[in-house]
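Enquirer: Would you mind keeping the following structure in view while I ask a few things?
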Amino acid sequence: MLWFALVVLAACTGVLVALPFLRTRAQAQTPSTPIDIYKAQLVELPPEQAAGALDEARASEIPGVIERPIHAAPVAARAR
């Protein structure tokens, strides 16, 4: 009877240890092209400015720097 209890405990422990490895996670949306990365950076600017991470002079300068490569990209790449 003791062996049976030990086997059940070992099986339960094995299942509990294996559960985190068996779960699948949803893939995070990661930018796949440079244009997507630049657009994601533009989206992040207002929250950073609101949080005080950027001063006014720097906050007004950064969008132009980020938009420059977007405007220089071919039209097909910008349409995504």
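Enquirer: On a 0 to 90° scale, report how tilted helix 56-72 is relative to the longest principal axis of the chain, with both axes built from alpha carbons and the result rounded to the nearest 10.
Expert: So the inclination is approximately 90 degrees.
Enquirer: Give the share of C-alpha pairs in each 5 angstrom bin for the chain, from 0 to the last occupied bin, in whole percents, shortest bins first.
Expert: 3, 12, 14, 11, 9, 8, 6, 5, 6, 6, 6, 5, 5, 3, 2, 0
Enquirer: Sticking with this structure for a sec: Tell me the angle of helix 2-22 to the major Cα principal axis of the chain, expressed in degrees between 0 and 90 and rounded to the nearest ten.
Expert: 10
Enquirer: At 0.36 nm per residue, minus the direct Cα-Cα distance, what do Arg23 and Leu42 gain on full extension? Give it in nm, one decimal, please. Before the final figure, lay out the partial values.
Expert: On the way: separation 19, 0.36 × 19 = 6.84 nm, distance 3.36 nm.
Answer, rounded to one decimal: 3.5 nm.
Throughout, read-outs are computed from the coordinates displayed, never taken from laboratory work. A quick note: this is a predicted structure, and the numbers were derived from the prediction, not measured.
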